[in-house]
1. Just to be sure I understand, how many residues within segment 44-84 are outside any loop (DSSP other than H, G, I, E, B) and either closer than 16 Å to residue 25 by Cα or in contact (Cβ under 8 Å) with a residue 12 or more places away in the chain (or both)?
2. Could you grab me the full set of residues in segment 1-17 that are surrounded by 15 or more Cβ atoms within 10 Å (Cβ to Cβ) and of a type outside the set (Phe, Trp, Tyr)?
3. Regarding segment 243-250, can at least one residue be identified that is within 13 Å of ligand 1 (Cβ to nearest atom) and either in a helix (DSSP H, G or I) or charged (D, E, K, R) (or both)?
4. Does residue 229 meet the test of being modelled with pLDDT of 95 or more and within 16 Å of ligand 1 (Cβ to nearest atom)?
5. Of all residues in segment 224-256, which are in contact with a strand residue (DSSP E or B) (Cβ under 9 Å, 6 or more places away or on another chain) and of a type in the set (A, V, I, L, M, F, W, C)?
6. Looking at residue 172, is it in contact with a Lys or Arg (Cβ under 6 Å, 6 or more places away or on another chain), within 16 Å of ligand 2 (Cβ to nearest atom) and acidic (Asp, Glu)?
7. Could you grab me the full set of residues in segment 396-424 that are within 11 Å of the chain's Cα centre (by Cα) and within 15 Å of residue 360 (Cα to Cα)?
8. Among the numbered conditions (1) open to solvent by 40 Å² or more (accessible area, probe 1.4 Å); (2) over 24 Å from residue 317 (Cβ atoms); (3) within 13 Å of ligand 1 (Cβ to nearest atom); (4) not polar (S, T, N, Q), tell me where residue 218 comes up short.
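The values are calculated or read from the model by the stated rules, or taken from the named source; none is laboratory data. Quick caveat: nothing in here was measured; it's all calculated off a predicted structure. Glycine gets a Cβ as well: all are built from the backbone with ideal geometry, and neighbour counts include every protein chain shown. To get the accessible areas, we keep the full protein, side chains included, count just its heavy atoms, and leave off ligands, DNA and RNA. Shrake-Rupley method; radii C 1.70, N 1.55, O 1.52, S 1.80 Å.
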Amino acid sequence: MSPPPFSTIAGAFAADASGRELRVRGWVQRSRSSGGILFVLLRDRTGTVQVTAKRDTLGDAAFDAAEHVQVEGVVEVDGTVAADPRAPGGRELRARSVRVVDAGLPFPIFQEQTEEFRLDKRHLVIRSEEHVATFRIKADLLRALRDFLDREEVLEVTPPVLTGNPAEGGAEAFAIDYFGRPGYLSQTAQLYLEAMLSPHERVYALTPSFRAEKSRTPRHLTEYQHLEVELAWTDLGELMSFIERMLVDAAHAVARKRPAELKLLGRSPDELERLSAPFPRLSYAAAVDRLAAAGFPVSFGSDLGTAEERALTLESAEFLFVTRYPKERKAFYMLETPGDPRTVEATDLLGPEGYGEIVGASCRETDLDRLTRRLAETGADPAEYDWYLDLRRHGNVPHAGFGLGVERLLRWMLRREHIRETTPFPRTPSRHTP
Ligand code: ATP
Ligand code: MG
């Protein structure tokens, strides 16, 4: 007779599981033995269960082997589910047999190690409860964003990540040798999304973007997941309304899908459920006045850096749209504000509680001459962007779009101190391994 199929560990907690024979397999989270009884906390993707194994039942050889399994070693267990108020979750699995799949070497990760060591051992550290919760939430966040875009009839497209055009300015582009010609890792897919706009009208891409940011801040990675959306026939007001609906929808979806994981990370799902639209709007000019009144050395034209962005929402539980930035602070493709040539139709969405920019958005310049002039002013060679300028020569319509840093959104959602906690293998100026 072939052995029964494996159950998940969650199966041990099913309403009718008590008294049943069960076969599970998983990783040893911790174990101890005393007086001929071995207690193992066993983990699989569905949860953990306490396994108890007796020397008398297993026999000496099997018991000794099971006792020598290290943290993160792997075993298969056949046993009977029993109610036990002392066990985590009130159930345990009383083993009839324990088969060692991999005894493992001593696991090198402990709580008190330095951050540098833990980053060196990131491939093992990501088995922690916090990381497991984080990356399950991230998966559902991505799903929620995609579901929203799908309902809004925005088409997912696949722009390239290797390019000859560093669209956000050469200084922060990673340059590569592309068979002897200059190439770059994409900083944004926007130009390609604009090209795909004419046939599809509403498009998005979720791709890695790369920024050679030397600044070490808790919100910059050199590689991040970039969700970019481009919408035809859309002005700044409509774009902001789209963005806030998307974020409210995503926050609610995550709160409903992952309450236990959120609580484990110290975020109450109710707080996310309470997020609602519309988000307040503040013009850049008014933001500068507010900051100047608070003692910041800023005037119209100043860059709003980390400290300024932080101050604007530090005391607030709400997102904030800062609108109509000075032209020279923003990218060449942004639309000049009608009636105000000093500013562009752009907005940065700042996260609540000082989390800073999470979305950058704008209407795109449709006037070919102005676009060409602004491009030349950045020091770029318009000839290299001629394909992009073609888009203004053939079927040019008003359009707008935005880029959202998925890890920035998650950092706020999970209230993480550092953005690296929102990605399994963070890329920063000092680290691109493991
Ligand atoms: P910042 O001023 O914070 O560097 P940015 O103005 O360079 O941001 P955009 O070029 O507008 O950002 O990019 C769109 C979005 O991509 C940002 O709103 C942010 O969410 C995200 N983003 C940009 N740079 C990074 C980065 N280095 N790491 C993680 N996310 C980023
Ligand atoms: Mg930047």
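1. 28
2. Across segment 1-17, the qualifying residues are 7, 8, 9, 10, 11, 12, 17.
3. So the first thing to find is which residues in segment 243-250 are within 13 Å of ligand 1 (Cβ to nearest atom), and the list is 243, 247.
With the extra rule that they be either in a helix (DSSP H, G or I) or charged (D, E, K, R) (or both), the set shrinks to 243, 247.
Within segment 243-250, one or more residues are within 13 Å of ligand 1 (Cβ to nearest atom) and either in a helix (DSSP H, G or I) or charged (D, E, K, R) (or both).
4. Details: modelled with pLDDT of 95 or more: yes; within 16 Å of ligand 1 (Cβ to nearest atom): yes.
Here the answer is yes, as residue 229 does meet what is asked.
5. Scanning segment 224-256 gives 227, 229, 231, 232, 233, 236, 239, 240, 242, 243, 246, 247.
6. On the way: in contact with a Lys or Arg (Cβ under 6 Å, 6 or more places away or on another chain): yes; within 16 Å of ligand 2 (Cβ to nearest atom): yes; acidic (Asp, Glu): yes.
So residue 172 fits the description; yes.
7. Step one: list which residues in segment 396-424 are within 11 Å of the chain's Cα centre (by Cα), which gives 404-414, 419-424.
Residues satisfying the conditions are 404, 405, 406, 407, 408, 409.
8. Result: residue 218 passes all but (2).
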